[in-house]
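Enquirer: So that we are looking at the same thing, I have put the structure below in structure tokens.
The values are calculated or read from the model by the stated rules, or taken from the named source; none is laboratory data. Note that the coordinates shown come from a computational prediction; the quantities given were computed from them, not determined experimentally. Glycine also receives a Cβ, built like all others from the backbone with ideal geometry; neighbour counts cover every protein chain displayed. These accessible areas exclude ligands, DNA and RNA; they are computed on the full protein's heavy atoms, side chains included. Shrake-Rupley method; radii C 1.70, N 1.55, O 1.52, S 1.80 Å.
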Amino acid sequence: METSMGDLRIALFDDTPLHRDNFLKLVSEGFYDGTLFHRVIEDFMIQGGDPESRKALPGVLLGEGGPGYTIPAEFCLPYLYHWRGALAAAREADDVNPEQCSSGSQFYIVWGKKQSAAALKNAKSSLMEKGIEITPQMSNDYTIRGGTPHLDGSYTVFGEVIEGLDVVEELQKEPTDKNNRPLQDIVIKQMHVEQVSAEAKKTMKNISR
């Protein structure tokens, strides 16, 4: 992913084949080229993938665009969760989307805070109400690496940033307007698909299970 603030390399997981294949299809078609990171929240995440953001005028509210379809949720806990650098699918809220289907194109990259013991305890209690247990590995990642545990089990994680996390750090600090749109457009110039070797896959957070 080539952006106006630097480049990222993103690996997609075989555990979430519907999201993987859809993302690869859209990238291959140039769907994302020229779109913006239209929603940025410091210490939380950066969101893109709205085709209506392409050449959008300053101050225009974005986030409603897409390819005209949704994708069934593919939750894969406890293996795929919202650690810092995770790629996940955005979606409509539960009141209009009770099945928690993903947007056909909009995605976000997690930044999130390094979780304190108290914050992680609260997250564990909240997730337990949904039948989700935070494993020791998840706890370790959330406290040492950072992330957004309260999103687990509600949004599909389907990839991760394997190079360029420093770019994500800078992106999430960008000043925004009242709608969390960056004041200075952050453009996804181009995305292209690379084949990843078996050896390179060993460096990824998750290996297909």
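Enquirer: Would you check if there is a residue in the range 92-114 being charged (D, E, K, R), over 22 Å from ARG39 (Cα atoms), at pLDDT 95 or above and open to solvent by 20 Å² or more (accessible area, probe 1.4 Å)?
Expert: For the range 92-114, residues charged (D, E, K, R), over 22 Å from ARG39 (Cα atoms), at pLDDT 95 or above and open to solvent by 20 Å² or more (accessible area, probe 1.4 Å): present.
Enquirer: Restricting attention to the range 133-154, which residues are crowded, with 18+ Cβ neighbours inside 10 Å and on the phi < 0 side of the Ramachandran plot?
Expert: Passing the criteria: ILE134, MET138, ASP141, TYR142, THR148, PRO149, LEU151, ASP152.
Enquirer: A further question on this structure: Sort through VAL168, VAL187, VAL157, VAL161 and tell me the only one that's more than 19 Å from CYS76 (Cα to Cα), open to solvent by less than 60 Å² (accessible area, probe 1.4 Å) and under 12 Å from the mean Cα position of the chain (by Cα).
Expert: Sole residue among the options that is more than 19 Å from CYS76 (Cα to Cα), open to solvent by less than 60 Å² (accessible area, probe 1.4 Å) and under 12 Å from the mean Cα position of the chain (by Cα): VAL168.
Enquirer: Then there's this: Pick from ALA88, ALA11, ALA118: which is open to solvent by less than 10 Å² (accessible area, probe 1.4 Å), outside any loop (DSSP other than H, G, I, E, B) and more than 22 Å from ARG181 (Cβ to Cβ)?
Expert: Selected residue: ALA11, the only one of ALA88, ALA11, ALA118 that is open to solvent by less than 10 Å² (accessible area, probe 1.4 Å), outside any loop (DSSP other than H, G, I, E, B) and more than 22 Å from ARG181 (Cβ to Cβ).
Enquirer: Looking only at the range 190-209, filter to residues that are open to solvent by 50 Å² or more (accessible area, probe 1.4 Å), assigned to a loop (DSSP other than H, G, I, E, B) and at pLDDT 95 or above; which one of those is nearest to VAL60 (Cα to Cα)?
Expert: Within the range 190-209, the match that is nearest to VAL60 (Cα to Cα) is HIS192.
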